[in-house]
1. Just checking, how many residues over segment 137-164 are out of contact with any Leu (no Cβ under 8 Å at 6 or more places or on another chain) and outside any helix (DSSP H, G or I)?
2. Since Thr112 meets every condition but one in (1) of a type in the set (Val, Ile, Thr); (2) closer than 25 Å to Glu186 by Cβ; (3) modelled with pLDDT under 80, which condition does it not meet?
3. Identify the residue in segment 161-189 that is among the aliphatic types (A, V, I, L, M) and touching a helix residue (DSSP H, G or I) at 6+ places or on another chain (Cβ under 8 Å) and, among all such residues, is nearest to Glu140 (Cα to Cα).
4. Looking only at residues that are small (Gly, Ala, Ser) and farther than 19 Å from Leu128 by Cβ in segment 138-189, which one is surrounded by the fewest Cβ atoms within 10 Å (Cβ to Cβ)?
5. Limited to segment 18-48, what total is found for residues that are basic (Lys, Arg) and out of contact with any Ser or Thr (no Cβ under 8 Å at 6 or more places or on another chain)?
Amino acid sequence: MAILKTIQTTPLTDAELITIYQRDQQQQTLAQLYLRYNDLVYGTCIKYLGNQEIAKDAVMDIYQELIEKVKHHAIDNFKSWLYVLTKNHCLMQLRKNKRMITTEFDTQLMQTEDFSHLDGVFEKERQLERLGNCMENLNEEQQKTVRMFYLENKCYNEISTLTGFDWNKVRSLIQNGRRNLKICMEENG
């Protein structure tokens, strides 16, 4: 914040400084503008974050954010816009800190020599492999419609449009394909 205090203030309006910064992208111009509202930003950060050091860091982070955001935003009232940006920055900080909850846990509860939990994973892999083999046994039309319905989450109407099959044929292909898959899986499993 000491760096910002050394910059000379200018009689230009906020809108003029924004226009100049958007045109020339000179940080000195942005710093002049930011310096006018530095106390507002700091006070808002203190209010929301409740810690002077964290608030000082936030003030600098917000300035860094401004370097890019002011280039691309149409700003009518800089003071109000900056206040909202500051408030949102602080709220995001608070949300981020809430997500980082740490708890202690007993490592003895986490360590085990029992790998039975992997049995379900291996069984699922075997079932998927059998399902893939059974899919290959379906005729081409059934394969296509079953894939579109179950794997691509397409509805009957979409499948009908994409394949050129009428709606009743799509429904029939999917139902017969599902039945054939079930029979194949039962026979092979």
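1. 5
2. (2)
3. Within segment 161-189, the first condition is being among the aliphatic types (A, V, I, L, M), and the residues that meet it are 162, 170, 173-174, 181, 183, 185.
From the residues that got through so far, the ones that are touching a helix residue (DSSP H, G or I) at 6+ places or on another chain (Cβ under 8 Å) too are 162, 170, 173-174, 181, 185.
Details: Leu162: 15, Val170: 13, Leu173: 10, Ile174: 12, Leu181: 13, Met185: 18 Å.
Checking each candidate, the answer is Leu173.
4. Restricting to residues being small (Gly, Ala, Ser) and farther than 19 Å from Leu128 by Cβ, the top hit is Gly164.
5. Count: 2.
Conditions (1) within 22 Å of Ala74 (Cβ to Cβ); (2) in contact (Cβ under 8 Å) with a residue 12 or more places away in the chain; (3) buried (at least 16 other Cβ atoms within 10 Å of the Cβ); (4) among the charged types (D, E, K, R), marked per residue:
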site	(1), (2), (3), (4)
Thr13	yes, no, no, no
Arg23	yes, no, no, yes
Gln26	yes, no, no, no
Thr29	yes, yes, yes, no
Leu33	yes, yes, yes, no
Val41	yes, yes, yes, no
Tyr48	no, yes, yes, no
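The values are calculated or read from the model by the stated rules, or taken from the named source; none is laboratory data. Because the structure is a prediction, the values reported are computed rather than measured. Positions of Cβ are generated from backbone atoms using ideal geometry, with glycine treated the same way; all protein chains shown enter the neighbour counts.
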